[in-house]
Structure formats: structure tokens, C-alpha cells
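> Dumping the structure here so I can ask a few things about it.
The values are calculated or read from the model by the stated rules, or taken from the named source; none is laboratory data. No experiment lies behind these values; they were computed from the predicted model shown. Here the Cβ is made from the backbone with ideal geometry for all residues, glycine too, and neighbour counts use every protein chain on show.
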Amino acid sequence: MSQLDSLNPSAIPAPDEALRQEVRAFLTEAMRSVPAHVRARSWSGYDPAFSCELGRRGWLGITFPPAYGGAGRSAFARYVLVEEFLNFGAPVGSHWIADRQSGPLLLKYGTEAQKQRYLPAICRGEAFYCIGMSEPGAGSDLASVRTRAVPNEAGWLLNGQKIWTTNAHNCHYMIALVRTSGEAGDRHKGLSQVIVDLSLPGVTVRPIVDQSGDSHFCEVFFENVQLGPDALVGEEGGGWEQVTAELAFERSGPERLYSSIALFDEWLAYVRTPQGRTPQAQRLAGKILSQLAPLRAMSVAITEKLTRGESPVVEAALVKDLGTGVEQLIPAAIADDLFSRDAADVPAELLNTLNYITQVAPSYSLRGGTRDILRGMIARGLGLR
Amino acid sequence: MDDLFSDAVKALLTDHCTPAVVRAIEAGQSRAALWKALEDSGFADALVPESAGGAGLALADVYPVLELCGSFAVPVPLGETLLARGLMAHAGVPVPVGSVVFGTGHLGPDGRLQCTQVRCGTQADWVLVSCGGTCRLLSAADAHVEVAGFCLDAQMSWPQSAWDAALAVPGAHDLVTLQAALYAAQLAGALMAVFSRTLQYANDRQQFGKPIGKFQAIQHQLSVMSEHAFAARMAAQLGLRTEGAVPDRLRVAMAKARTSEAALEVAGLSHSIHGAIGFTREFDLQLYTRRLHAWRQAAGSESYWHDVMGQALLDSPEPLSLDLIRTLTDAVV
């Protein structure tokens, strides 16, 4: 209860809000001729050149200290940037994980040498990261991972397999949760995080084609991959705690509200035309807005907690579960609206966008923790577990 | 300041607005003792300027009082009176003694002023009625009153002479939006009350040898309830965040739509988890869940306000819905 009561409306500070104008001017130009069904991919769209350009403009790793290539800005500054990226449907998938999650993780748990080595390239938009969590036998039950890093004279010898690894085929590094001691039955004990250069011998990456026809995620195999002694991130045996902290970053951001926004805006453009406007569509537009807006306020309030150094894990789970619900309502309700009409005048681009979002929408409540996992976390936060 | 204020209101309501008092007033007993305690506390004058003897608070500052009116199922129009007195004081009209509620009226063919749904009308000394673009204060004692819908709500009518003689409040006033802001805040309070009572019940009630809250199905239902209560509370707070003395209509639309939607979900889940006991008059849950439905229906249901929001979104020239989302949610400090 206290956690729920403590989230109050928060204002984005003016200096951070001021970034919006600059980034919007750039995006308006950059995204001018990109069709909606492509913009709908957003943080699942990969464009290394685009990431480089964002890096050049100082918009990646903006929260990292200047010593590592960042701008030392607050979580609010990043919030404003990514909110604009997502709403314009900018292809930000290449650097997404590095900027959101891997960079902050290295900053929090990495050694000085690791920070010096890895962070500047993230800020330049030149180093892309993926997260090695799930395995064939370890999905929602993440603590049962079997991929193992065994210490040897050269560092760590890595063997095992990861799956559902988003964007691994386009990435340079994986930060993987692996077992460094004990057995699968030891659960949270004996897990550690290692950084793996995906170009090393013994690493095989195979993309998996999803039902939309895209390849967002991969299988990754490790066969006697020799890692250096400095591959360990954070403490040996501290992997579980580190992963939990990392997931607060993963779950709290605006990407849990805006996955279907390109479709919503494209549909609104049609509904604003004389032939598209109906009382039913107007009511639906209001319904979606009335659900999205409070979630945005909650997401900003969580960002405020992040700026104070808190780790609002339960609040983030609440927002993600509700947010993905709205993201999935959008394609379902828009389809019902469009196909309750004489479909003859519905623009093809709107239908293509709807088709794409309809096909990817199931992933919204899988990636970053399924509904049931999130509801279990909330229940724990409520003291029920 | 916020906490001190809400702690004082909470202490007052804990002492004077017990479930037994709520039941008694719902059953037709006198509200006099409860009303006197509330009136003596001065909270009903929170929005009245200090120069006129009030506390001179801003609209956003009174959110805690209005939320607590919901979480304590307050059966007298404290929130209505607080807002009505604020409105009248800002309009330069003397603030009346006693409780005030709001009505939307029309002059019938028989010449009588009809207000079909006056929320908490059975507990009012005065009714601030909006009719044909003007706003006047009528005495409830002069009205013909019939209970309509929720047990405290009424259908009221007055002879035209009462309307003609009533004190006029200058200016154009959107009483529906003002009430919607109030009921959104009360819903947020009642949602939290229902949620926390249901959480407690799930921890206490044993079946199959353990508290039912240990079952995953129940845990997930409680998680969903908390999500709705939490989102609704954020929306209701934003509904009162304004720089001026009058709430922003679009923010109120969001607040009332979201809290009303949550009301239905949370009321349903709470009864499901409580089982038959929650459906009895003796058990307190009904004091709050009946209000979830009553206040969802008051001052526009979710669809009424969805229409308002949809119109604003469709009339907006901005290609990104984000811009309206930001307008609705960027905190006014």
C-alpha cells in the first residue's frame, strides 16, 4: 500500500524538458518519409547509422558521467529523449539495450577498467548489447539457468545456450546471466553476470523468425568460449541481485506504453478525415487516451524515483502490466472499429500498420517478464508471498 | 503540510464517520452530529479565501480531503460543500451556512424547476442549481424531494417562484466538471479502501488449510486490483492539478473516465475474492462497493468522458497524440 500511495504526479524539470524541442526538430526531418508500418517497429527497428548519428548528437548514454562519454544528465533527460524516439517510431533498436540497461549496469557494477573500455563506445552509438537471460529450460524460471562459466588459467570457459535473445544477431556484446558455481538446484546462489564478445570463437548466433516475419530474437550457442578474467561483471555469485536491479530499468520506461502508438496516431489521422470520423471512433480515441495518459504520469513518477536512486521494482511491474494491456487493446479495438465500417475507404498503409502491430502485440506481455511473472512480483510487493 | 492536513482529516473521520454512522445516515437517521463535527473542523471552508474566513487553499491542495471522503464513505456532502463554497466565495457571493450539493435543472412544462439527479441531495441544506446557463442557490427545505437511485441521492423540484427568488451566483459555471473532479477523487479513495480491505481479507480468510491469499489465482486478482487503484489515484490527482480556481475539463475527463473504469473492475474483483460474506449488509465491504457504482454513475460515466477526450484528440491539429498526453499529465506544481 505505501508503495502505491507514494507515487504522486511529478514534473519533468525544465532543463530536461527543453531537450524535447531539439530532438523533435531532428526527428521530424529524419522520419519525414518513413511509412507508418516501418515506424511501428521503433525499438525493434535496427539502424546502426541512425544510432551513430544519435551518438554524435550526444543523445546516447546521456545519463552516464562525462568521464565515460556521457553527459551526466538525469533519468528525466533520457525519458524525454526516448519518449520522442518512440513516438516518432525512430529505429532505435540497435543501441536500445546498451543505452537503457547494459550501460547503467556496467556503470553500477563494473570495474573502472570495464567502464573505461565499454561505455564510451555505447555513447558513440558504436557498441550494441543484448541481454542473455532466458535459456531453453529457463524462461520465467530464470534462476534455473544452466549456461556455465568455469574459471580456468585464462579466465572463464563458457559453455551453454541462450534463447529469445533480442537483437543478438546485430550486437557486439552480450551480458549473460550464467552459473559460476553450484548446480541448477542451488537457484539464486552461484549465478554471475559475464560480458561476452560475440565475435569470439565458439559463439554461434541463429536468428529466430517470429510470426510477423521479422527476426527480433535469436538462439545463441557457446561452445568452449574462452573469456578473459575481466569478463565478470560485478560480484561472483551476485548475478541474481544484479539482474533484479537491471530489470527495474527494463520495465519502467516509456517503451511499455508506446509500442502501438504509431498505429494509434495513423488511425487518428484517418479518423480526423471527414469520411473517417464517426461517434464510435471518437469515443474509442478518448478511451485509449484516458488509459494512456495516467500511465504516462505513473511512468514519469517512477522516473522521479530513479533519479533519487531508488529501485521501484514493484511500481515498474504495475506500470508494465497495465501498459502492455493498453498496447494490446489498441490493435484489437482499432481493428474492431475499422472493420465495423464499410472498409472500402480505409487507407492501405493503415491496414499494413494494423496488420504488423496485431502480429507483434503478443510479444508485448512476454518480453521483459510475462504477465504472470509481473503479477507475482506485485503480489510479493503486497506481502502476499 | 499535505500530510499534516490529511492526517487531521483522517483523524476526524476515524472518530466521527464510522461504518455505524454511515449505516445510520443511510437508514434515514439524522446527519446533524456528523455534520456539526465536520463543520466545526473548518475543512468545508478549505477553498474559501483567508480574507473571508477560510483556509485559502488551492484546488490541488484539497485532493487529500476529497479522497478521504471516498475512503471513509462519508454519507454527507462534505466534498460538495467544500467545492461549492469555494466556487461561491470566488464568485463574490456570501457562503451559506450548512451543506451544499449540486444540481442540473430544467424548467418543466408545469413551471417547476426539476433536478432529476442530485447527488447526496437527501443530505443537503442547499442546492446550487445550474439551469439555462445561470447558477442559483436554492434551499433544500423548499424542495419536493424523492430518493432517486443511490439511497442518499434525490430527485428534487421547486416552484418557479423559488428559482426566481434564489440567490444568483454570477458567472458561467461548469458544475458537471466540478462534480466529476470530486467523484473521481472520492472514487480513488473508495478504490483504495476496497483494495486494502480485500487484501486484508485474503490474508485472514483460511480455506484448504491456508490463507486464500496464498493461492496464485487470488494473488493475481489482487495484483490487478492494485494496478487499477493505483492508476485511478494518479488520474484523480491530476484531475485537480490546475493553476486556477476551476479544474481543467480535459484533465477531469481523464480522471473521471479512468476512476469509473477502475470502479467496475475493482468492485467486481473484490466481491469475487470475498465470496458470499462480502455481499451481506452486515459486512462493511458493501459500504464502499455500492459507492464505487454510485460515483461511477455520477457526473458522467466513463463513456461520457471518453467522448469529451476523443473530441479533443480529434480536434487537435497535432499529429502526435503524445502532445495531448503531455498536456494532460505534465504536473502543474
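> Does B:A141 fit the bill of being within 25 Å of B:Y288 (Cα to Cα), part of a helix (DSSP H, G or I) and of a type in the set (G, A, S)?
For B:A141, the condition - within 25 Å of B:Y288 (Cα to Cα), part of a helix (DSSP H, G or I) and of a type in the set (G, A, S) - is not met.
> Is there any pair linking a residue in segment B:194-216 that is away from every other protein chain (no Cβ under 12 Å) to one that is in a strand (DSSP E or B), with Cβ under 7 Å and at least six apart or on different chains, and which?
Short answer, once both residue conditions are applied: B:D204/B:P211; B:R205/B:P211.
> Could you list, in sequence order, the residues of segment B:170-194 that are in contact with a Gly (Cβ under 9 Å, 6 or more places away or on another chain) and within 28 Å of B:D110 (Cβ to Cβ)?
B:A172, B:L175, B:V176, B:Q179, listed by residue number.
> Residues that are under 15 Å from the mean Cα position of the chain (by Cα), assigned by TED's automatic domain parsing to the domain that holds B:S139, on the phi < 0 side of the Ramachandran plot and assigned to a helix (DSSP H, G or I): does segment B:14-33 have at least one?
no
> Mind listing whichever residues of segment B:286-323 are within 24 Å of A:L86 (Cα to Cα), within 7 Å of chain A (Cβ to nearest Cβ) and assigned to a helix (DSSP H, G or I)?
B:M309, B:G310, B:L313, B:L314, B:S321, B:L322
> Of all residues in segment B:235-276 being part of a helix (DSSP H, G or I) and among the basic types (K, R), which is farthest from A:L7 (Cα to Cα)?
It comes out as B:R249.
> Right, something else. Among the numbered criteria (1) at the interface with chain B (Cβ under 10 Å from one of its Cβ atoms); (2) without any contact (Cβ under 8 Å) to a residue 60 or more places away in the chain; (3) in a helix (DSSP H, G or I), which single criterion is violated by A:A332?
(1)
> Restricting the search to segment A:139-185, which residues are free of Cβ contacts under 8 Å to residues at least 40 places away in the same chain and either surrounded by 20 or more Cβ atoms within 10 Å (Cβ to Cβ) or closer than 21 Å to A:G110 by Cβ (or both)?
Passing the criteria: A:P151, A:R179.
> To continue, here is another question. Output the number of residues of segment A:359-385 satisfying the condition of being over 19 Å from the mean Cα position of the chain (by Cα) and closer than 27 Å to A:H37 by Cβ.
0
> Identify the single condition in (1) at the interface with chain B (Cβ under 10 Å from one of its Cβ atoms); (2) free of Cβ contacts under 8 Å to residues at least 12 places away in the same chain; (3) over 30 Å from A:Q242 (Cβ atoms) that A:L292 does not satisfy, given that it satisfies every other one.
The single condition A:L292 does not satisfy is (2).
> Would you tally the residues in segment A:39-57 being free of Cβ contacts under 8 Å to residues at least 40 places away in the same chain and in contact with a helix residue (DSSP H, G or I) (Cβ under 8 Å, 6 or more places away or on another chain)?
Going through segment A:39-57, the residues free of Cβ contacts under 8 Å to residues at least 40 places away in the same chain turn out to be A:49, A:57.
From the residues that got through so far, the ones that are in contact with a helix residue (DSSP H, G or I) (Cβ under 8 Å, 6 or more places away or on another chain) too are A:57.
So the answer is 1.
> Any residue that is touching a helix residue (DSSP H, G or I) at 6+ places or on another chain (Cβ under 6 Å) and under 25 Å from A:H37 (Cα atoms) - is there at least one of those in segment A:339-346?
Yes.
> Tell me which of these B:E243 doesn't satisfy, since it passes every other one: (1) buried (at least 17 other Cβ atoms within 10 Å of the Cβ); (2) not assigned by TED's automatic domain parsing to the domain that holds B:V127.
(1)
> Please count how many residues of segment A:1-49 are surrounded by 14 or more Cβ atoms within 10 Å (Cβ to Cβ), polar (S, T, N, Q) and either under 28 Å from A:Y129 (Cα atoms) or at pLDDT 95 or above (or both).
The total comes to 2.
> Filter segment A:59-94 for residues that are within 22 Å of A:I302 (Cα to Cα) and within 14 Å of chain B (Cβ to nearest Cβ) and give the result.
Across segment A:59-94, the qualifying residues are A:F76, A:Y79, A:V80, A:L81, A:V82, A:E83, A:E84, A:F85, A:L86, A:N87.
> When residues of segment B:45-72 are filtered for being aliphatic (A, V, I, L, M) and either closer than 19 Å to B:V22 by Cα or assigned to a loop (DSSP other than H, G, I, E, B) (or both), how many remain?
Of segment B:45-72, the ones aliphatic (A, V, I, L, M) are B:46-48, B:52, B:55, B:57-60, B:62, B:65-66, B:68.
Okay, now just the ones that are also either closer than 19 Å to B:V22 by Cα or assigned to a loop (DSSP other than H, G, I, E, B) (or both), so B:46-48, B:55, B:57-58, B:65-66, B:68.
Final tally of qualifying residues: 9.
> Looking for whichever is in contact (Cβ under 8 Å) with a residue 60 or more places away in the chain, of a type in the set (A, V, I, L, M, F, W, C), surrounded by fewer than 18 Cβ atoms within 10 Å (Cβ to Cβ) and within 15 Å of B:V100 (Cβ to Cβ) here; the options are B:L175, B:L167, B:L152. Which one fits?
B:L167
> Being within 7 Å of chain B (Cβ to nearest Cβ) and hydrophobic (A, V, I, L, M, F, W, C) is the filter here, so list the residues in segment A:270-283 that pass it.
A:V271, the sole residue that qualifies.
> Given B:L178, B:L113, which one is at pLDDT 95 or above and in contact with a Ser or Thr (Cβ under 7 Å, 6 or more places away or on another chain)?
B:L113
> Report yes if A:G234 is at positive phi and buried (at least 19 other Cβ atoms within 10 Å of the Cβ), otherwise no.
Spelling it out, A:G234 is indeed at positive phi and buried (at least 19 other Cβ atoms within 10 Å of the Cβ).
> With respect to B:R249, determine if the residue is within 9 Å of chain A (Cβ to nearest Cβ) and either in contact with a strand residue (DSSP E or B) (Cβ under 9 Å, 6 or more places away or on another chain) or charged (D, E, K, R) (or both). First the steps, then the outcome.
Working: within 9 Å of chain A (Cβ to nearest Cβ): no; either in contact with a strand residue (DSSP E or B) (Cβ under 9 Å, 6 or more places away or on another chain) or charged (D, E, K, R) (or both): yes.
Here the answer is no, as B:R249 does not meet what is asked.
> Considering segment A:156-166 alone, what residues qualify as being over 17 Å from A:S144 (Cα atoms) and either in contact with a Lys or Arg (Cβ under 9 Å, 6 or more places away or on another chain) or not in a strand (DSSP E or B) (or both)?
To start, the set of residues in segment A:156-166 that are over 17 Å from A:S144 (Cα atoms) comprises A:156-157, A:166.
Those that are over 17 Å from A:S144 (Cα atoms) and either in contact with a Lys or Arg (Cβ under 9 Å, 6 or more places away or on another chain) or not in a strand (DSSP E or B) (or both): A:L157, A:T166.
> So B:T14 clears everything in (1) of a type in the set (S, T, Y); (2) under 15 Å from B:V246 (Cα atoms); (3) free of Cβ contacts under 8 Å to residues at least 60 places away in the same chain except one condition, right? Which one?
(2)
> Still on this structure, please answer the following. Return the total of residues in segment A:140-173 being among the acidic types (D, E) and within 20 Å of A:E241 (Cβ to Cβ).
The total comes to 1.
> Still on this structure, please answer the following. So A:A379 fits all but one of (1) in contact (Cβ under 8 Å) with a residue 40 or more places away in the chain; (2) touching a Lys or Arg at 6+ places or on another chain (Cβ under 7 Å); what number is the exception?
For A:A379, the exception is condition (1).
> Which one is farthest from the other protein chains (Cβ to nearest Cβ) among residues in segment A:238-269 that are of a type in the set (D, E, K, R) and over 19 Å from A:E304 (Cα atoms)?
Per the stated criteria, the residue is A:E241.
> Check every one of the strands (runs of 3 or more DSSP E) wholly within segment A:167-264 and list those with 1 or more residues that are in contact with a Pro (Cβ under 7 Å, 6 or more places away or on another chain).
A:217-227
> Any residue in segment B:319-333 that's among the aliphatic types (A, V, I, L, M): show its pairings with residues that are surrounded by fewer than 18 Cβ atoms within 10 Å (Cβ to Cβ) at Cβ separation under 6 Å, as long as the two are six or more apart or on different chains.
B:L324/B:S316; B:A331/A:A11; B:V332/B:E243; B:V333/A:A11
> Right, here's the next one. Select from segment A:364-385 the residues that are assigned to a helix (DSSP H, G or I) and of a type in the set (K, R) and write down the one among them that is nearest to the other protein chains (Cβ to nearest Cβ).
Top of the filtered list is A:R375.
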